[in-house]
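The values are calculated or read from the model by the stated rules, or taken from the named source; none is laboratory data. All values reported here derive from a predicted model rather than from experimental measurement. No Cβ is skipped: glycine too gets one built from the backbone with ideal geometry, and neighbour counts run over all protein chains shown. Keep in mind that these areas ignore ligands, DNA and RNA; they rest on the heavy atoms of the full protein, side chains included. Shrake-Rupley method; radii C 1.70, N 1.55, O 1.52, S 1.80 Å.
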Amino acid sequence: MSGSDAAPAPRTPRVVVGVNGEPGSRTALRRAAAEARHRRAALWPVLAWQPPCGGFGVRHAPVDPLPAEDWQDLARATLLGTLDEVFPDGPGVPVHALLAQGTPGRVLVEAADREDDLLVVGAGHRGTLHRMFKTSVSRYCLARAHCPVLAVPPSPLEAELAAAHRRNLWRLRLDTRHFAEETAPDDGQAVAGA
């Protein structure tokens, strides 16, 4: 058989996932790794980064800003730190981490450029106010990707953590009545040390 008659080597399936270090992206990363194991695919965690104001504010700032290389180093540390945190023993599939400068939606759609890729993104916050003022990466990817997109909803624990954060931010008191009800002994039980 001549070299021209040989069939091309099969491409390894890929699961591309957006990572930004936030709890929602960690949930999406775990789901993407499970999908990669199921599909016998390579995992491609992607972190899109850009300096504040897309670089415009960096060039025209009145004080010495961080150079673009430092922003890239911070992004690399975030990506590698997130991978180490989520997979302390490795994800069990080949990993090809990618760091790219640009907006997250555009970078993810460009990274998942094959029809047989699977693009996994965090579904993000669902509040009306949040949707009005912040561009949704998952919506961007769903509208523009040329491959299947899996939007992973946030974990219920993430919502509880966000509520606790808001409570702390507004310095609201924590309602501990339900803790007392859960730990109160039944009528027939004696209290230790009493």
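For C147, the conditions (1) in contact with a helix residue (DSSP H, G or I) (Cβ under 6 Å, 6 or more places away or on another chain); (2) modelled with pLDDT of 95 or more all hold with the exception of (1).
Filter the range 15-34 down to the residues that are of a type outside the set (A, V, I, L, M) and either open to solvent by 30 Å² or more (accessible area, probe 1.4 Å) or in a loop (DSSP other than H, G, I, E, B) (or both), then identify the one that is nearest to Q101 (Cα to Cα). The selected residue is N20. Among the residues of the range 143-172, those identified as among the charged types (D, E, K, R) and surrounded by fewer than 16 Cβ atoms within 10 Å (Cβ to Cβ) are R144, E160, R166, R167, R171.
Number of residues in the range 67-123 that are open to solvent by less than 40 Å² (accessible area, probe 1.4 Å), over 13 Å from L29 (Cα atoms) and outside any helix (DSSP H, G or I) equals 4. Look at V46 and say whether it is part of a loop (DSSP other than H, G, I, E, B) and at pLDDT 95 or above. No; evaluated as a whole, the condition is false for this residue.
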